[in-house]
Amino acid sequence: MVRDAVTDLRIETSDGVSLEASLSEAAGAAGTIVLCHPHPQHGGTMRHPLLEAIASHASASGLDALRFNFRGIGSSGGTWDRGEGERADVAAAVAWAQTHRPPVAGIAGWSFGAAMALVWQAETGSTIPYVGIAPPTDSVLTPKLPAPEQLAPAERLFIVGNRDQFVDADELEEYARGIDASIIRYETADHFFIFRHDRLAADVVSFLSSGAGPLSPAS
């Protein structure tokens, strides 16, 4: 199945902010995944090559992929809200996908985006599959990850590099065990997964396509 089209669109949040978004469409898509970008104050954008790779791989694999810019980024309205208003951004993106596209197959985020997606799951009781790419477990720059009892059971996967400059891979693995999530560690990767975008995209899409699909071995 090949990539069909990329459509630019606008998404409105519950507090009246208009978000810039992009939908990578697959011909005959079986579902939609929502992608959340890294920290808005540190160069994060929906157009980062890593998220582009995930979106492209998703559409080539039969899934639509919805990316969006958090408030204050690109042509999204509003301003940086320290992780508070950004919760409404995630909610709006998921709601748009649920309303306008095939069933939501999962949500994934990188760093700040991974933390925001998991916070959204805790607040809403969402049980859709989740992939968190290198979220800090506890950082002054990123919302703290939810306590295990705040999360409804769901298929969840974390991906982290053993050379991550900002995330302690051992701490994230301990957190993953606490919420019954899977984790895959890339032995020589750092926070930016240089030269591993295609492989990471394949792991993300495989998991979200099947709940707990086959993963490539850690390396």
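Brief remarks follow.
- Taken over region 154-170, the residue count meeting the criterion of being open to solvent by 60 Å² or more (accessible area, probe 1.4 Å), over 25 Å from residue 124 (Cα atoms) and not hydrophobic (A, V, I, L, M, F, W, C) is 4.
- Filtered residues of region 194-212 (kept if under 15 Å from the mean Cα position of the chain (by Cα) and either at pLDDT 95 or above or farther than 20 Å from residue 65 by Cα (or both)): 197, 200, 201, 202, 203, 204, 205, 206, 207, 208
- The set of residues in region 127-153 being surrounded by 19 or more Cβ atoms within 10 Å (Cβ to Cβ) and under 16 Å from residue 178 (Cα atoms) consists of 130, 131, 132, 135, 136, 145, 151.
- Of all residues in region 6-32, those satisfying the criterion of being within 22 Å of residue 204 (Cβ to Cβ), touching a Leu at 6+ places or on another chain (Cβ under 8 Å) and open to solvent by 40 Å² or more (accessible area, probe 1.4 Å) are 6, 7, 30.
- Region 10-33, subset at pLDDT 95 or above and either assigned to a loop (DSSP other than H, G, I, E, B) or of a type in the set (Val, Ile, Thr) (or both), residue nearest to residue 52 (Cα to Cα): 33
- Hey, residue 126 touching a His at 6+ places or on another chain (Cβ under 9 Å), of a type in the set (S, T, N, Q) and modelled with pLDDT of 95 or more or not: no
- Of all residues in region 61-102, those that are more than 15 Å from residue 9 (Cα to Cα), surrounded by 23 or more Cβ atoms within 10 Å (Cβ to Cβ) and touching a Lys or Arg at 6+ places or on another chain (Cβ under 9 Å) total 1.
- Total residues in region 79-98, condition touching a residue at least 12 places away in the same chain (Cβ under 8 Å) and either touching a strand residue (DSSP E or B) at 6+ places or on another chain (Cβ under 8 Å) or hydroxyl-bearing (Ser, Thr, Tyr) (or both): 8
- Residues of region 182-193 that are within 18 Å of the chain's Cα centre (by Cα) and open to solvent by 20 Å² or more (accessible area, probe 1.4 Å): 182, 183, 185, 190, 192.
- Number of positions in region 41-60 that are within 24 Å of residue 142 (Cα to Cα) and open to solvent by 10 Å² or more (accessible area, probe 1.4 Å): 9
- Within region 48-73, residues that are without any contact (Cβ under 8 Å) to a residue 24 or more places away in the chain have Cβ atoms under 7 Å from residues that are of a type outside the set (Phe, Trp, Tyr) and assigned to a helix (DSSP H, G or I) in no pair, counting only partners at least 6 apart in sequence or on another chain.
- Check on residue 91, in a helix (DSSP H, G or I) and in contact with a Phe, Trp or Tyr (Cβ under 7 Å, 6 or more places away or on another chain): yes
- Residue in region 103-126 that is under 14 Å from residue 33 (Cβ atoms) and surrounded by fewer than 19 Cβ atoms within 10 Å (Cβ to Cβ) present: yes
The values are calculated or read from the model by the stated rules, or taken from the named source; none is laboratory data. On a predicted model such as this, the values are computed, not experimentally measured, just so you know. All Cβ positions, even for glycine, are placed from backbone atoms using ideal geometry, and neighbour counts span all protein chains on display. We work out accessible area using only protein heavy atoms, side chains counted, and drop any ligands, DNA or RNA first. Shrake-Rupley method; radii C 1.70, N 1.55, O 1.52, S 1.80 Å.
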